[in-house]
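Peer 1: Pasting a structure here, questions to come.
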Protein chains: 4
Amino acid sequence: MLVVMQRDATPSQIEDVLAAIRQMNLTPHPLPGATRTAIGITGNIGAVDPRTLEVLPGVMELIRVTKPYKLASREMHREDTVVKTPQTVVGPGTCTIIAGPCSVENEAMIQKTAEFLVENGVKLMRAGAYKPRTSPYAFQGMGREGLDILARVRKRTGIGIVTELMDTDNADAVEEAADIIQIGTRNMQNFSLLKRVAQARKPVLLKRGLSATLEEWLMAAEYVMAGGNYNVILCERGVRTFSDHSRNTLDLSVIPPAKTLSHLPIVVDPSHGTGKRDYVPAMSLASLAGGADGLLIEVHPDPDHAMSDGAQSLTFPAFVKLLESLRKLAVPLGRTIV
Amino acid sequence: MLVVMQRDATPSQIEDVLAAIRQMNLTPHPLPGATRTAIGITGNIGAVDPRTLEVLPGVMELIRVTKPYKLASREMHREDTVVKTPQTVVGPGTCTIIAGPCSVENEAMIQKTAEFLVENGVKLMRAGAYKPRTSPYAFQGMGREGLDILARVRKRTGIGIVTELMDTDNADAVEEAADIIQIGTRNMQNFSLLKRVAQARKPVLLKRGLSATLEEWLMAAEYVMAGGNYNVILCERGVRTFSDHSRNTLDLSVIPPAKTLSHLPIVVDPSHGTGKRDYVPAMSLASLAGGADGLLIEVHPDPDHAMSDGAQSLTFPAFVKLLESLRKLAVPLGRTIV
Amino acid sequence: MLVVMQRDATPSQIEDVLAAIRQMNLTPHPLPGATRTAIGITGNIGAVDPRTLEVLPGVMELIRVTKPYKLASREMHREDTVVKTPQTVVGPGTCTIIAGPCSVENEAMIQKTAEFLVENGVKLMRAGAYKPRTSPYAFQGMGREGLDILARVRKRTGIGIVTELMDTDNADAVEEAADIIQIGTRNMQNFSLLKRVAQARKPVLLKRGLSATLEEWLMAAEYVMAGGNYNVILCERGVRTFSDHSRNTLDLSVIPPAKTLSHLPIVVDPSHGTGKRDYVPAMSLASLAGGADGLLIEVHPDPDHAMSDGAQSLTFPAFVKLLESLRKLAVPLGRTIV
Amino acid sequence: MLVVMQRDATPSQIEDVLAAIRQMNLTPHPLPGATRTAIGITGNIGAVDPRTLEVLPGVMELIRVTKPYKLASREMHREDTVVKTPQTVVGPGTCTIIAGPCSVENEAMIQKTAEFLVENGVKLMRAGAYKPRTSPYAFQGMGREGLDILARVRKRTGIGIVTELMDTDNADAVEEAADIIQIGTRNMQNFSLLKRVAQARKPVLLKRGLSATLEEWLMAAEYVMAGGNYNVILCERGVRTFSDHSRNTLDLSVIPPAKTLSHLPIVVDPSHGTGKRDYVPAMSLASLAGGADGLLIEVHPDPDHAMSDGAQSLTFPAFVKLLESLRKLAVPLGRTIV
């Protein structure tokens, strides 16, 4: 933490700031410069809200230095985290494919999709039983019935399940059905929900919030880890900007800093990131080349009649073709598609 | 809904789009132009996801026409909604002040604040028992104990209580303690929570999400109203942009379109909108002049030692001064500060 | 400037950073903390690009402390700047109205508008002879002929002229015709143009760039001031965000920090800020109440047939009504509409 | 163009809109729906500003259908454009490397860089003689002397030159020295400059503006093409968003829609896009895999002492390593690095 004083701050104003810092049980380090004084602060800053220093007379600005996340930080944990499920792993060296429809629509289509994925060597299927929809009048998912379908298909095909949890009420049921619990974009800062999955025995796939900074995203991961669940997978799925050529702005440039600041694996969802199936293959390849540890891709047996997100879902043949391209591209990158 | 075809779309591609529309039980209206064909669609669009039309061959673009919200729409309800609490009203003609600390820190400070507000003619006090905090290591609020404090102070002083609900687990308790239930920014699209407060017998103050469009915000209100609770107050509290001179970018320009598109009252929170107490008075006056139906202002008996958001909280004397300015400004606007 | 080292930075890495700082002719001040070392830097930083420090081994982050603008800074110039034209002033205590059509369309409409404004006590008329248009096929303005019209109408009516300069080629002619030279949004960082108007003998109205931070905007003002022209008026006209309910997002919350950090006057353009005439009155009142030193308002004798921006232009009667409201609102604010 | 009427629009309001459209010499097509009427418009819309329709009584919304760009549109020109310089091409099938320092600092470093690039098979060198700098106090480039250096080094080594033009005053000199004229981010909507390079006999590399939509970017290209210069290369270099983990947000997801909507080649600048040299290799690979026709990469013989942008410049060894990775990655993509 650094307090920057105004050029014309008086000695007594500086003294008041020093006193305020000491009162917070922190240590001030005055740093006089040619034109103004800055004051470094050391000590355990977590417990206080230092923004109050900013409004003291003579203070120009307050600059935070220490990163607020600890468990999610690479500084605290040098090795890359590898998240394991019974079927596969998510972590360095591999690129893990998670594919499937937006929502569970009925048992036949889930069974069909699972068989198709298994045939093509994909170990994890995504499909939502609970769907966060902008409109209260839109299809809200099949709920418990959808979870039951997922459980039966999982048993029959051996495929791993990635499915979204929207509220604590359904946490036990989702935890039971899922191999990886997905926390959606709109719930990235639903702290009650984060505290609940911190208690879960299953890994958590944490989608980045629509306008979350990397720091806020890592802080959300920190909520889960602070509660004891260290198996967190970050998922970039596009952020909201002024840019209107795609549904969201897929921020692939977050991959290198995420990997620098954190040891957690990061996967990319190009389906939500672009919102249009034609753009998914190019962005999948770009994600792999850019360092993503996995991909979350929407695929549907009949996307033109899907109950949600059909426009961004690949058909089976298009998915097979993409998988082939990904496998070829992985070779020079020294990576394996799993 | 309007489907715009590419310039070189073939007659058979156009025919396929017409067929796809009919299959959705909607009516297509071909509209041939000089350079391309557009196809208008009429019928009940709510149930289908028309984005699938966009990926049909020959289609250039899909343009939505109908607004997806109904109950929140002024087209459906011409009169301004007036939300009532036992203490006051929120609606046209008045500007309702809701003031108080960020969080309930202890009974003494809540009692002191309530007495101060009552003395100054303020009828509603804001204060959080449950606090959404970016960091899991920050003060998370007093919880049930905080609600009990609010209930006792309410009883002693008669002040109305506005307090945040963060999850369905605490819904009954918050509904009991509150005169207005606040849904925070990060939960604007927590649809499970919205469905819960749709069942509440208390009005809902719905804060705009950090990167919510006006349409998404009204759709969130629609969730509450569709469940039977028509007493929704919109609350603008700053959105997230590239702009870094304040904590958030207070979007006062949302007031006129919100009032054009919806009949719901809208209040402004300049404390979160700016994040700095020095900027609160100017933005409070601007909100009133810009048409806000109310203000949500952080005030604290000792902001420099507040447990959260002290930097953006006004002192008692600063608040009194602001209140005086607001009352003077209301006169030429034909409004009353309540 | 502050260099923050990684937790596990070695003593030799720290030593290398100290050496690099000294090589830049700056003075390093090591600041060891509990978990990491930070290094304060003092000296004249302007000439070097300190971002190179950020990529040295062991460095986590680089934090800039000193504001890069000097002449535009309130720290260097405590008093509010008052910009004067032959007709009026722009500065504290007043709110200066600048009104008129988007473009000069012909002499009759300019004469008519000028007479209307003079009658209503408005001293400055805006009107563009050179128009920056997104499309090369749109009306580009009347050019020199438009400037001649402005000159003649100015002579006949005594009204002051605010008109845009788009390139150095036309700088002499615009400088001759204008009482205030407008630099448009798209040219806020056209540094060649800024250097040219730095030589002008007329004040400069500097519109904020579509995605300019306050610091970049003040740096653009610094370009003009560094060249010798201290008469700069800042103009907020909406920034670009995800928000789609208005043409741009009018950022009124920039007014208080702009006034804190700088001594330059700031005016607001609610016409471009909202893009819709119905929203202009509310945002004009909000700007005045929020502390704007002036307003730039589009008004047109026949907006429905304007050659550009008619949708955001007020009719004469609507403008008269707004002026009346502004005058009433100014009273409790202790301001005068000029 | 489509005019959407309010639900309760009266027949006479609808009639007025029809009349207004006819008065613009356009043809209205009423499209009555279950709940409201929409009105399609056909004809040559270019010349009028249809936003005025939006403010007529009873009108809810105006929706534009036709894309405003023509020459830049793939609808008008199906084949991919290939831009040629004496040294190489930019277009489909290849990925053209353009590398070099941010600015011309002296002849020795330019000669050294050019020799290094030629040895490594790179045909185009970037280096700025005129530098747009946020601060008037920062190094502004060597100007004409820099151009002379580029010309001499070009002659000696045969390397092609990509260099920025900032104003019309220096257009002849830059056109003479450059093989490709760069228009920088801040000048993407400097329409006077665009009109000038529309007259140039050299290709134009058009960087995307900091907050430009794809449509605005293509409209800027249209300015150049409308003036007769069809050799335009689009360059994505990061846009401005709330995201603060990198200098800008590199928008790779613009590549697929840009290629769908336009026939112009698109290159990516990962150096400005990320602002940090450590992130450049991953984003270069991602750009190639995502479909970019070229890369603009900052490389400097001694980046830690560069006069500008050293933090985002690669060292020579790092660049060689990246080039090798790109060449390997190009194989499975069926592309050639040139």
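FYI, it's all coordinate maths here, none of it is from the lab. All figures in this text were calculated on a predicted structure; none of them were measured in a lab. Note that we place each Cβ from the backbone using ideal geometry, even for glycine, and neighbour counts take in every protein chain shown.
Peer 1: Considering the protein assembly as shown, what Rg and Dmax in Å follow from its alpha-carbon atoms?
Peer 2: 30.3, 89
Peer 1: Let me ask another. Taking each residue in D:128-139, count the Cβ atoms of any other chain within 10 Å of its Cβ, then average. What number comes out?
Peer 2: Neighbouring Cβ atoms belonging to other protein chains average 6 per residue here.
Peer 1: Follow-up question, since we're still on this one. Using Cβ contacts closer than 10 Å as the measure, can you line up B:SER284, B:SER262, B:SER12 from fewest to most?
Peer 2: B:SER12, B:SER262, B:SER284
Peer 1: Output the 0 to 90 degree angle, nearest 10, between the alpha-carbon long axis of helix D:280-290 and the longest principal axis computed from the alpha carbons of chain D.
Peer 2: Tilt relative to chain D: about 50 degrees.
Peer 1: Moving on to the next point. Give the Rg (one decimal place) followed by the Dmax (whole number) of the stretch B:2-63, computed from C-alpha coordinates and expressed in Å.
Peer 2: That works out to 10.6, 33 Å for Rg and Dmax.
Peer 1: Around A:LEU205, which amide H atoms from residues at least 5 apart in sequence, or from another chain, sit under 5 Å from its own amide H, with H modelled in the peptide plane?
Peer 2: For A:LEU205, the qualifying residues are A:ILE181, A:GLN182, A:ILE183, A:ILE233.
Peer 1: Tabulate in residue order the Karplus-calculated ³J(HN,Hα) for the stretch D:237-251, using 6.51 cos²θ - 1.76 cosθ + 1.60 with θ = phi - 60°, rounded to whole Hz; enter x for Gly and Pro.
Peer 2: 3J(HN,Hα) across the stretch D:237-251, in whole Hz: 9, x, 10, 9, 9, 5, 6, 10, 7, 9, 4, 9, 9, 5, 9.
Peer 1: Where the only charges are on Cβ atoms (+1 Lys, Arg; -1 Asp, Glu), what is the dipole of the stretch B:83-337 about its Cα centre, to the nearest 20 debye?
Peer 2: For this selection, approximately 420 debye.
Peer 1: How shielded is B:161-168 by partner chains, expressed as the average number of their Cβ atoms within 10 Å of its Cβ atoms?
Peer 2: Partner-chain Cβ atoms within 10 Å, mean over residues of B:161-168: 2.
Peer 1: Using alpha-carbon pairs under 8 Å, 6+ residues apart, how would you state the relative contact order of chain B in percent?
Peer 2: Relative contact order here is 16 percent.
Peer 1: Enumerate the calculated ³J(HN,Hα) couplings along the stretch C:135-147 in order (Karplus 6.51 cos²θ - 1.76 cosθ + 1.60, θ = phi - 60°), each rounded to whole Hz, writing x wherever the residue is Gly or Pro.
Peer 2: Couplings: 9, x, 8, 8, 3, 9, x, 7, x, 3, 4, x, 4 Hz.
Peer 1: I want to check the label-to-label distance for D:PHE139 and D:ASP278. Put each point 7 Å from Cα in the C-beta direction and report it in nm to one decimal.
Peer 2: Roughly 2.4 nm, to one decimal.
Peer 1: Moving on. Run the helix sum for the protein assembly as shown: -39,500 (n - 2.57) per DSSP H stretch of 4+ residues, divided by residue count, reported at 222 nm to the nearest 500 deg cm²/dmol.
Peer 2: Helix-only estimate at 222 nm: -10000 deg cm²/dmol.
Peer 1: Another question about this same structure. Name all residues of the stretch D:215-233 having a backbone nitrogen under 12 Å from the label point set 7 Å from the Cα of D:GLU175 along its Cα→Cβ direction, giving them as ranges.
Peer 2: D:228-229
Peer 1: Counting residues in the stretch D:1-153 as N, plug N into 2.2 N^0.38 Å and put the Cα Rg over that result.
Peer 2: This ratio for the stretch D:1-153 stands at 1.84.
Peer 1: Given the options A:ALA19, A:ALA282, A:ALA138, state which has the largest fluctuation in a GNM of chain A using a 10 Å cut-off (strictly under) for Cα springs.
Peer 2: Result: A:ALA19 has the largest fluctuation of those listed.
Peer 1: Tell me, what is the percent relative contact order of the stretch B:50-163, built from C-alpha pairs under 8 Å that lie six or more residues apart?
Peer 2: Here the relative contact order equals 23 percent.
Peer 1: Sticking with this structure for a sec: So who's got an amide H within less than 5 Å of the one on D:VAL338, skipping anything under 5 residues away but keeping other chains? H placed 1.01 Å off N, in plane.
Peer 2: Correct list: D:CYS95, D:THR96, D:ILE97.
Peer 1: Compute the long axis of helix A:107-119 from its Cα atoms, compare it with the longest principal axis of the Cα atoms of chain A, and write down the angle in degrees, 0 to 90, nearest 10.
Peer 2: Approximately 80 degrees, to the nearest 10.
Peer 1: How far is helix C:214-226 tilted, in degrees, relative to the longest principal axis of the Cα atoms in chain C, given as a value from 0 to 90 rounded to the nearest 10?
Peer 2: The answer is roughly 80 degrees.
Peer 1: Further question on the same structure: P(r) tail for the stretch B:208-284, what percent of Cα pairs lie past 15 Å?
Peer 2: Summing the P(r) of the stretch B:208-284 above 15 Å gives 56 percent of all pairs.
Peer 1: Quick one: dipole size for the stretch D:2-63, taken about the Cα centre, charges +1 on Lys/Arg Cβ and -1 on Asp/Glu Cβ, in debye to the nearest 20.
Peer 2: I would put it at about 100 debye.
Peer 1: Here's another thing I want to ask about it. When only Cα pairs under 8 Å and 6 or more residues apart are kept, what is the percent relative contact order across the stretch D:2-63?
Peer 2: Relative contact order of the stretch D:2-63: 49 percent.
Peer 1: Output the peptides D:149-155, B:37-43 sorted from most to least packed, where packing is the average of other Cβ atoms within 10 Å over each peptide's residues.
Peer 2: Taking the mean over residues of other Cβ atoms within 10 Å, the ranking is B:37-43, D:149-155.
Peer 1: Mean-square fluctuation check for chain C, GNM, Cα pairs under 10 Å: which of C:ARG22, C:ARG156, C:ARG208 is largest?
Peer 2: C:ARG22
Peer 1: Scan around C:GLY128 for amide H atoms under 5 Å from its own, H built in the peptide plane at 1.01 Å from N, and keep only partners 5 or more places away or cross-chain.
Peer 2: Under 5 Å from the amide H of C:GLY128 lie the amide H atoms of C:SER103, C:VAL104, each far enough along the sequence or on another chain.
Peer 1: Determine which chain C residue has its Cβ at minimum distance from the rotation axis mapping C onto D, giving the value in whole Å.
Peer 2: So the chain C residue sitting closest to the axis is C:SER211, 2.
Peer 1: Size of the dipole of the stretch C:233-338 about the Cα centre, Lys and Arg at +1 and Asp and Glu at -1 on the beta carbon, nothing else charged, in debye to 20?
Peer 2: The calculated dipole for the stretch C:233-338 is roughly 320 debye.
Peer 1: I would also like to ask the following. Mind listing the Cα extents of the stretch C:83-337 along all three principal axes, in Å, largest one first?
Peer 2: 44, 43, 38
Peer 1: Summarise the partner chain shielding of A:312-319 as one whole number: the mean count of Cβ atoms from other chains within 10 Å of each residue's Cβ.
Peer 2: Averaged over the peptide's residues, the number is 1.
Peer 1: Taking a label point 7 Å from Cα toward Cβ, how far is C:ASP302 from its twins in the other copies, in nm, shortest first?
Peer 2: 5.9, 6.9, 7.0
Peer 1: Determine the alpha carbon to alpha carbon distance for each of B:LYS155/B:LYS202; A:LYS131/C:LYS276; A:LYS70/A:LYS202; B:LYS276/D:LYS131 and list only those over 28 Å.
Peer 2: A:LYS131/C:LYS276; B:LYS276/D:LYS131
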